Every structure is written in structure tokens, then in C-alpha cells.
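K.L.:
I'd like to ask some things about the structure below.
The values are calculated or read from the model by the stated rules, or taken from the named source; none is laboratory data. Here the structure is a predicted model, which is why all the values come from computation and not from measurement. Using ideal geometry, Cβ is built from the backbone for each residue, glycine included, and neighbour counts are taken over all protein chains shown. Just the protein is used for accessible areas: all its heavy atoms, side chains included, with ligands, DNA and RNA removed. Shrake-Rupley method; radii C 1.70, N 1.55, O 1.52, S 1.80 Å.
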Amino acid sequence: KQTTASPWDSNADRLQVGRRHTGKVVEMLDFGAILEILPGVRGLVHVSEMRWGQRVNKPQEVVAIGEEVEVEILEVDPARGKVSLSMKKIEENPWTRLADRYPIPSPVHGTVTRLAAFGAFVEVEEGVEGLVHVSEISWTERPDHPKALLEVGQEVTAMVMGVDEERQRLSLSIRNTEPDPWWDVETDYPVGKTFEGVVTRLKPYGAFVSLRPGLEGLVHVADDQVG
């Protein structure tokens, strides 16, 4: 190889940060894909640089061996023969000006993509996911896990409650698409007044009675009879 020019020297002007190339995927690693962007020059696209706002667990989810993709150079280290590349830099960051597109509060429609113990992730557009905390799913239900009320692939409507472009976070609420059934309870159901309801659940300590949709009251066993 000493009898030929180094590809790093002959392509120095083309191996600059910010330059874009079309490369071919030649190898897969657990944490990224190796692309040949120039003859004799290969670079790494880390999984974190493949998609905006979308967690990629392995490169095979996005690219395949032999596939040609456009990339942008992030870093060049000729001494170590390493080039860091990005696929997502080619596309516009969907989180830019997100607050303008989704003012607070505004309704959005999306699809549940992931469920975690603390909430559900909802994709509102390609590359942008929002989190519905488990406490923001329902006014009346208090599930231990969101899977009790939601499932992956389900289409939902939610309200935008917070936008953090820098940290790429979108806070959503499903329950706020409906009025809080408790906000006028003291006015509509004053202490001492008699109402009719429907028994919905029985527990050892008492009975839950529905006064109207979304509003339940508890009749404790100590209060279910007089005398």
C-alpha cells in the first residue's frame, strides 16, 4: 500500500466536516453500520445518528448490506483512520420549530408506539413521539400500567401540554381531550343533598356508585344503613 497514494491524502478536500456523500453499507455492527463513502475510505453511522427522535436498537432496522444511503460527515480522524457519519443530518430535524407547529394546548392525533410502566409513547408525525404519562390517560381510571387502557398500534387523540425542543420531548394528555368530570362537583353535588346513582363496583369496604359518566362516589360499609 506504500506504493500507492493514501485515500486520506488524495481525498483530503472531500473529507471535511459537513460534506455529504453517498455511501454503500458494507458491514453491520451492534451499534451502527459501516459505509464506504470513497474508494478506500469507510465511516461509521452510529445508531443514534440514523433517525431523528426515533430510537434505533440495531442498524438492521434502518439499512441493509449493499444499500446506498446519503450521509453527512460529523468528524474526521485521519491519524486513526476514522470517519463519523450521520444519516439524520441529511433530513430536516422535525423537532425544529416544534412549538410553532404544536402550540400549547392543541389537539394532535397519533399512534401508540411503545408502552412503559410510566406511560405511553405516541407518534404524532414521522420522527416525533410524545409521552402520555400514566396519570394523563384518564380522569377516572388509575391503572398500574398503561397497557390496562391502551395498546400498541392504537390511534388516539391527545392534547399538547408541553414542548421541549432542546431535549426533544413532547408531553401529551389524553384525559384533557375531555372536560374534568370533577371540576363542578361541589356545585352540582352539594353536601346533604340526595341523589340517585348506579352501583358499578363492590368492594369489601363498600360500593362505588356512578352519579354520571366519569364520576363515581363511594358508599362505605359503615354508611350503607341506618341504625
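K.L.:
Only residues that are of a type in the set (A, V, I, L, M), under 19 Å from Asp164 (Cα atoms) and either open to solvent by 40 Å² or more (accessible area, probe 1.4 Å) or outside any helix (DSSP H, G or I) (or both): list them for the stretch 85-108, please.
P.N.:
Ala99, Ile104, Val108, listed by residue number.
K.L.:
Among (1) within 16 Å of the chain's Cα centre (by Cα); (2) open to solvent by 50 Å² or more (accessible area, probe 1.4 Å), where does Lys82 come up short?
P.N.:
Of (1) within 16 Å of the chain's Cα centre (by Cα); (2) open to solvent by 50 Å² or more (accessible area, probe 1.4 Å), only one is false for Lys82: (1).
K.L.:
Here is a follow-up. Across the stretch 45-64, what is the total count of residues that are within 17 Å of the chain's Cα centre (by Cα), assigned to a loop (DSSP other than H, G, I, E, B) and either surrounded by fewer than 18 Cβ atoms within 10 Å (Cβ to Cβ) or not aromatic (Phe, Trp, Tyr) (or both)?
P.N.:
Count: 7.
K.L.:
With respect to Glu70, is the statement that it is surrounded by fewer than 19 Cβ atoms within 10 Å (Cβ to Cβ), in contact with a helix residue (DSSP H, G or I) (Cβ under 6 Å, 6 or more places away or on another chain) and acidic (Asp, Glu) true? Talk me through it step by step, then tell me what you get.
P.N.:
Details: surrounded by fewer than 19 Cβ atoms within 10 Å (Cβ to Cβ): yes; in contact with a helix residue (DSSP H, G or I) (Cβ under 6 Å, 6 or more places away or on another chain): yes; acidic (Asp, Glu): yes.
For Glu70, the condition - surrounded by fewer than 19 Cβ atoms within 10 Å (Cβ to Cβ), in contact with a helix residue (DSSP H, G or I) (Cβ under 6 Å, 6 or more places away or on another chain) and acidic (Asp, Glu) - is met.
K.L.:
Within the stretch 109-138, can you find the residues that are small (Gly, Ala, Ser) and part of a strand (DSSP E or B)?
P.N.:
Gly110, Ala116, Gly119, Ala120, Gly130
K.L.:
Further question on the same structure: Within the stretch 109-137, track down each residue that is more than 20 Å from Glu165 (Cα to Cα), open to solvent by 50 Å² or more (accessible area, probe 1.4 Å) and either over 15 Å from the mean Cα position of the chain (by Cα) or of a type in the set (D, E, K, R) (or both).
P.N.:
Arg114, Ser135
K.L.:
Can you run down the residue pairs with Cβ atoms below 8 Å, 6 or more apart or on separate chains, where the first is in the stretch 15-39 and open to solvent by 80 Å² or more (accessible area, probe 1.4 Å) and the partner is of a type in the set (Gly, Ala, Ser) and in a loop (DSSP other than H, G, I, E, B)?
P.N.:
Once the first residue is open to solvent by 80 Å² or more (accessible area, probe 1.4 Å) and sits in the stretch 15-39, its partners that are of a type in the set (Gly, Ala, Ser) and in a loop (DSSP other than H, G, I, E, B) give Lys24/Gly66.
K.L.:
Okay, next question. I'd like the full set of residues that are more than 35 Å from the chain's Cα centre (by Cα), assigned to a loop (DSSP other than H, G, I, E, B) and either at negative phi or at pLDDT 85 or above (or both), limited to the stretch 179-217.
P.N.:
Tyr189, Pro190, Val191, Lys193, Thr194, Phe195, Glu196, Gly197, Pro204, Tyr205
K.L.:
Select from the stretch 147-178 the residues that are under 15 Å from the mean Cα position of the chain (by Cα) and open to solvent by 100 Å² or more (accessible area, probe 1.4 Å) and list them in ascending order.
P.N.:
Those that are under 15 Å from the mean Cα position of the chain (by Cα) and open to solvent by 100 Å² or more (accessible area, probe 1.4 Å): Glu151, Glu155, Glu166, Arg167, Arg169.
K.L.:
Does the stretch 206-221 contain at least one residue that is in contact with a His (Cβ under 9 Å, 6 or more places away or on another chain) and surrounded by 10 or more Cβ atoms within 10 Å (Cβ to Cβ)?
P.N.:
Within the stretch 206-221, one or more residues are in contact with a His (Cβ under 9 Å, 6 or more places away or on another chain) and surrounded by 10 or more Cβ atoms within 10 Å (Cβ to Cβ).
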